[in-house]
Structures are given as structure tokens and as C-alpha cells.
Amino acid sequence: MCAHIIQANTNGRLHAADEPSISPLNRGFLYGDAIYEVWRTHEGVIFTWEQHWARLERSARALHFELPLVAGAMMVEIKRTVARYRECSGNLGELYIRLQVTRGGGAIGLDPALADRSDFVLLVQPCPEVAAEKLRDGLQLSLATELRRNPVDALSPAWKTGNYLNNILCLREARSRGADEVVILNHAGEVTEAAVSNIAFVRDGVVLTPPLSAGILGGITRDLILNEVALAAGVTAREERVRPADFGGMSECFLLSTTKDVGPVAAIDAVRFTVGQATVSARLKAAFANYARAYAAAHPELRV
């Protein structure tokens, strides 16, 4: 077996992830001039492949550069990378698959015309799991007070880019207070999202999540909850603007992301929420698992 546990693929070359593979002149490294997507597997099948790829294409258009490969060719590279990972690690469990695409390299300077051609890096590792005690007891969140979310008309959070300094600094503040994650506000004082997850609440049995116009990433899991999973669970879900003053009126809170699907939240600072098997969020998590199993059964072509 190979010694490394993260498998990389840079422009079609398979290698250990701790091996250098891009030029110091790469614009993703120099300027964050990059986009990315993350998939996970359910029962060995890449989950919601099409939705994530469509968002990657939207991000590329927003940054005005071309993807280096079409979807079918990239899937070939993903399967090659996963096969090498499984060969090297012996791990047959669920996977985390990250694809980063940059504008490329070239002479130093901000002008995008200096870039030569877009390139990609794939990373494959075990899918991270939320600790059992966090699923049982809930995550601890804290409200960012030092910074606000990037405004939509500046660097839109709807673009899944390689520039994460806003999220990193907000998360640093929350972590300094012992929290697991952060809640970030926009410039109007409204809740947007966490550092790497969308957020939702439950009030009077209804799921509420901030609208895209608040300045958030259009999460794939969030979209599934709003449009398919909540209905299957017999739950009403809708978009609604939320402010910190509203927290006390919410019975539940949870995070939504590709890797953690529905992650229960125990508290945002001093405001506590209900967690446990009898909650709306637990019903949603169970319904989401059913949806993921059905998706895996319906898409054998995406098995890796």
C-alpha cells in the first residue's frame, strides 16, 4: 500500500497530495483565482453529480474562464483518482472528492490575460464524519461580530471560488470562543450562513432558511431540503430572512452541507435549541438518508 491517505490528480497526473504539483505562478495560489466543488459518495455513488457540475459551470462563467475538461472527461479523471486512492489506502468506505480549477499560470500580474490555460487538481480522501457526540448533543455555534459576509455586489458568495478569507476569519473568531462553527451576518444584520454550510431554523414546526438574496451560496443540500426532502418528511420549508433577535423564537437550528447533510445545532452563543430524535431536524436527516439511498440506486453509472 502507498503511504499517503489523500490521493491527488493534477491535470491528469496521479500523485500523492503532499507532493508539489503546481507552479508558484499559478493564479489560484497567487490570487485565489480559482473555483471548486466538493462531492461525496453515498453507498459508493457520487451524490448529486449533475447539480454540483452545473454550479461549477456557473462559477466558471462568473469568473470568465473556461473549464479544462467537459463533464464526461472529468468523470473519467475522478474515477481514475478514486481507483488509485482505493488501491493505495485499501479504504472501501465513503469518499470526499474535491475538484479545484484555476485560471492557470503565467506572468505575475492581476490581468487575467496573463494566464496561459485553466488547470485542475482533484483530491480524494475519506468523507469526514460528524462525531457521534455532536450528532447526539448538537453543534455549538457563535455569531461573528468582527466581520460581515461579502456583499453580493462585491465578491458574491454565490460563486464557489478559491477566496475564503472572509469565511476563515469569521470562523477563527468563533473558534476562539470555543465554538464548532460560526454564524455570519450580512451588512443589513441578517443571518447568511456558516463558514462552510448553509443554516436553517425551525419555528412552529416550519423550516426557515435565509434566501439567496441575503448573500449566501446556493447549497445543493439546502436546495434538496427546500424542494424535495422536506416534502417527503411531511415538513413545510421556506425561505425567510432571519436576524439574531429572532433566535429566541426558534425551537431548532441545523446546518446543511454536502458532507454533513443535516447537522443539528445545540446553541448559538447563549441561545439554546432542541436536539434529539423527536425533532424536525431528525426527521429531515432520516428523509435525506432515504433520498441519498434512492439516488445511489438510480445512478449506477456514478459508482466509483
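The values are calculated or read from the model by the stated rules, or taken from the named source; none is laboratory data. Remember, predicted model here, so these are calculated numbers, not experimental data. Cβ placement follows ideal geometry from the backbone for every residue including glycine, while neighbour counts extend to all protein chains displayed.
Worth a mention:
Quick grid of which residues meet (1) within 14 Å of Pro211 (Cα to Cα); (2) at pLDDT 95 or above:
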{"site": "Ala144", "(1), (2)": "no, yes"}
{"site": "Arg148", "(1), (2)": "no, yes"}
{"site": "Leu155", "(1), (2)": "no, no"}
{"site": "Leu171", "(1), (2)": "no, yes"}
{"site": "Arg177", "(1), (2)": "no, yes"}
{"site": "Leu185", "(1), (2)": "yes, yes"}
{"site": "Ala188", "(1), (2)": "yes, yes"}
{"site": "Val191", "(1), (2)": "yes, yes"}
{"site": "Ile199", "(1), (2)": "yes, yes"}
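- Residue count, the stretch 183-214 (criterion: assigned to a loop (DSSP other than H, G, I, E, B) and closer than 13 Å to Cys170 by Cβ): 5
- Flag for Arg293 being in contact with a Leu (Cβ under 6 Å, 6 or more places away or on another chain), assigned to a helix (DSSP H, G or I) and under 30 Å from Val124 (Cβ atoms): no
- Some residue of the stretch 30-45 being in the same structural domain as Lys79 (by TED's automatic domain parsing) and over 20 Å from the mean Cα position of the chain (by Cα): yes
- For the stretch 136-157, filtering for residues that are touching a residue at least 12 places away in the same chain (Cβ under 8 Å) and either surrounded by fewer than 19 Cβ atoms within 10 Å (Cβ to Cβ) or hydrophobic (A, V, I, L, M, F, W, C) (or both) leaves 14.
- Residue that is farther than 30 Å from Met75 by Cβ and surrounded by 14 or more Cβ atoms within 10 Å (Cβ to Cβ), where the choices are Val304, Val196, Val265: Val265
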